[in-house]
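Please read the structure below before turning to the comments.
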Amino acid sequence: MTRQTAARMRKEAGDDADRRREVELLRLRFEEGRPIREIAELWEEDAAHVHKWYARARERFQGLLRRVIAEHGGRTPAEVDAECRALLRRL
């Protein structure tokens, strides 16, 4: 489900540079395991600014993850939220 969510996030980003940067930030953080301060250095950005992007990107990812889980059906809203939290903890 997290892969489906990541693919949807990439697709929805389209040509929007800010949204594409959010996708790249999550990729660097979760696939490569880079800390935010290292990403900030790589991008030559202030770490506080990158932390804000990261928070926004995680929020967007979490919202999409909830939708993906809900689309699989058979779950109450509370169960969707619980599964979402469990998947995010594993990341």
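Readers should treat all values here as calculations from the given coordinates under stated rules, not as data from a laboratory. Note that the structure is a prediction, hence the values are computed from the model and not measured.
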#### Entry: the chain: most fluctuating residue of LEU65, LEU28, LEU42 per GNM, C-alpha cutoff 10 Å
LEU42
### Summary
The extension gain from ALA82 to GLU41, computed as 0.36 nm times the residue separation minus the Cα-Cα distance, is 11.3 nm
### Task
For n ≥ 4 DSSP H runs only, could you compute -39500 (n - 2.57) per run for the chain, divide by its residues and tell me the 222 nm figure to the nearest 500?
-24500 deg cm²/dmol
## Note on the structure
Which of ARG37, ARG58, ARG29 fluctuates most in a GNM of the chain (C-alpha springs under 10 Å)? That residue is ARG37
### log₁₀ of I(q)/I(0) at q = 0.24 Å⁻¹ - the chain, Debye sum with one point per alpha carbon
-1.21
